[in-house]
Amino acid sequence: MNIQRGKRLLTLVVAAVALPLSVPAVAAAATGPIDLGLLPGDERTDVIAVGDRGQLVGESCSTEPHTHWCTAVRWDRSGKISVLPSLGGSGLGSPKAINGSGVAVGNSLDYGLSNRAVRWAPDGAVTELPALPGGRTWEARGISDLGVIVGSGTDATGKERGLRWDPSGEVTMLAAPPVAGSYSASAISRDGRFIGGRLYGDDGSIRVLRWDASGAVTMLGTATEASWFGGLNASGEIVGRTTINDRYAAVKWTTDGRMIELGWTNSYATDVYKINGSGVSVGMGYVDSPNGSLSVPVRWAADGTMTLLATVGTGGNAMDIDGRGRVVGIAGNAALWDANGVRTDLGTLPGGGYSRAELIGLDGTIAGGAVAADGNWHAVYWPAR
């Protein structure tokens, strides 16, 4: 078992930074987003995950006071919405991930309003995934292309534990880190070799966890620097956020456990959300104090060197990146950047205003949300390009 201990066994590599003199060009505006609609009686929809062939899964929610119930839904390639079945007919649930075969996983509430991990087949059929013996609540958060599912659930003592379900649905508890506490799995690589998650230690520490193909767990971060998981790739590289000198900093943990601080222009906060197979990651940073400044979308090369993707003052985040280096996010409104950093404005809904691009699929389908003419937040998508 490869477990890293101590206050500073991880090597911190700080990348050199310099504020670019210019930012990449802006292309002509693209065709605006397609509204994915709502279930009858609901006011808000959100896309949560995109499949390899443009399948979309997410939630349709009521925003009435004291309810905020959400129904798990999926959209086909034409944008038609349908309900993903729930357990016990409650109608409540949320998908968290979808794999290349169109199998989605997440959670469903039974009539007792208890969380249950579920798997939805491509035809929408729902299957409850088993819990640990004595467990009361559990949910699935990631799925590999081979159908291995990861997530979390309580054990008989009520402590949260990281879980793994094999393709047949058999559940096992992921190896516990050496520091006692509650831990969970947040994501699994497409090939299933690596699992990423987090630990809330009984000693007060917050750390990132990585499990390898053998099931061995590695703790990333230290007891004195709270760290949060952001994303991982098939090489086992993980990006996330940690505290360095009392500020939030975007970092990458390499396959061998070294920590690289992703470059930035100053001592203000940065955050990173996704990493692709080439080790390129995306996120945001503040040029001025986070209390009085707009954030700036950022792309970091594999070595941690940064590129600003929009003019300072535009405001925005870079939220996802695909294997070809295309980035989606926000620069005033929804935006797409090509591998050279040229930005395309993705437009807004008719009669609406603000839009946001959040996800990009393997085939180039982009998904996000926008304010519609009715003033509510609607899930939207842009067809593969």
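The values are calculated or read from the model by the stated rules, or taken from the named source; none is laboratory data. Every value quoted in this text rests on a predicted model; they were computed, and no experiment measured them. Cβ sites come from the backbone with ideal geometry, for glycine too, and all protein chains shown count toward neighbours. The area values use the complete protein model at the heavy-atom level, side chains included, leaving out ligands, DNA and RNA. Shrake-Rupley method; radii C 1.70, N 1.55, O 1.52, S 1.80 Å.
Quick notes on this one:
- Under 5 Å between amide hydrogens, built in the peptide plane, is the criterion, and for V280 it picks out nothing among residues at least 5 positions away or on other chains.
- For segment 199-247, the relative contact order works out to 27 percent when only alpha carbon pairs closer than 8 Å and six or more residues apart are counted.
- Counting heavy atoms of the protein chains alone, D288 has an accessible area of about 80 Å² for a 1.4 Å probe.
- Inter-centroid distance (Cα atoms) of segment 250-316 relative to segment 193-212, Å: 22 Å
- Cross-link partners of K252 among aspartates and glutamates, defined as those whose alpha carbon lies under 16 angstrom from its own and excluding same-chain residues fewer than eight positions apart: E225, E237, E261, D271, D303, D320.
- Relative contact order (%) - the chain, alpha-carbon pairs under 8 angstrom, separation at least six: 15 percent
- Residues whose amide H falls under 5 Å from that of L174, counting only those 5 or more places apart or on a different chain, are G162, L163, R164, with hydrogens built in the peptide plane.
- For segment 274-350, the list of trypsin sites (Lys or Arg not before Pro) that fall in a loop by DSSP and count at most 13 other C-beta atoms within 10 angstrom reads R324.
- Working from Cα pairs under 8 Å separated by at least six residues, relative contact order for segment 124-221 is 21 percent.
- Multiplying the residue separation of A156 and S235 by 0.36 nm and removing their Cα-Cα distance gives an extension gain of 25.0 nm.
- Its Cα centre serving as origin, the chain has a Cβ charge dipole (Lys and Arg +1, Asp and Glu -1) of approximately 680 debye.
- Taken one residue at a time, the phi angles of segment 248-265 give Karplus couplings (6.51, -1.76, 1.60, θ = phi - 60°) of 6, 9, 6, 9, 10, 9, 6, 4, 8, x, 5, 9, 10, 6, 6, x, 8, 8 Hz. Gly and Pro are set to x.
- 25 Å Cα-Cα threshold exceeded, pairs from K80/K274; K96/K159; K96/K274: K80/K274
- Cα gyration tensor shape of segment 155-296, rounded if a/c is under 1.5, else prolate or oblate by comparing a/b with b/c: prolate
- Rounded, prolate or oblate (a/c below 1.5 giving rounded, otherwise prolate when a/b exceeds b/c) for segment 111-237 by Cα gyration tensor: oblate
- Between the amide H of G181 and those of D202, distances stay under 5 Å, these residues lying 5 or more places away or on another chain, with hydrogens modeled in the peptide plane.
- One decimal place: the segment R136-D374 gains 81.7 nm when fully extended, by the rule 0.36 nm per residue minus the C-alpha distance.
- The charge dipole of segment 254-382, taken about its Cα centre with unit charges on the Cβ atoms of Lys, Arg (+1), Asp and Glu (-1) only, comes to about 100 debye.
- Order of exposure, largest accessible area first, which applies to K80, K159, K252 with probe 1.4 Å: K80, K159, K252
- Dipole orientation for the chain: of the candidates M259, L209, A104, M259 has the Cα lying most toward the positive pole (charges on Cβ; Lys, Arg +1; Asp, Glu -1).
- Net length gained if the chain between V342 and V83 were fully extended (0.36 nm per residue, minus Cα distance): 89.5 nm
- Solvent-accessible surface (1.4 angstrom probe) belonging to I330, in square angstrom, nearest 10: 10 Å²
- Here the 3J(HN,Hα) profile of segment 181-194, calculated from phi with Karplus coefficients 6.51, -1.76 and 1.60 at θ = phi - 60°, is x, 9, 9, 8, 9, 9, 7, 9, 5, 4, 8, x, 6, 10 Hz, Gly and Pro shown as x.
- Inter-label distance for D145 and T311, nm, one decimal - labels placed 7 Å from Cα along Cα-to-Cβ: 4.1 nm
- Shape analysis of segment 81-166 places it in the oblate category; the axes a ≥ b ≥ c from the Cα gyration tensor give an a/c of at least 1.5, with a/b not above b/c.
- Applying the Karplus relation 6.51 cos²θ - 1.76 cosθ + 1.60 with θ = phi - 60° to segment 325-335 yields 3J(HN,Hα) values of x, 6, 10, 10, x, 9, 9, x, 10, 4, 9 Hz, where x marks Gly and Pro.
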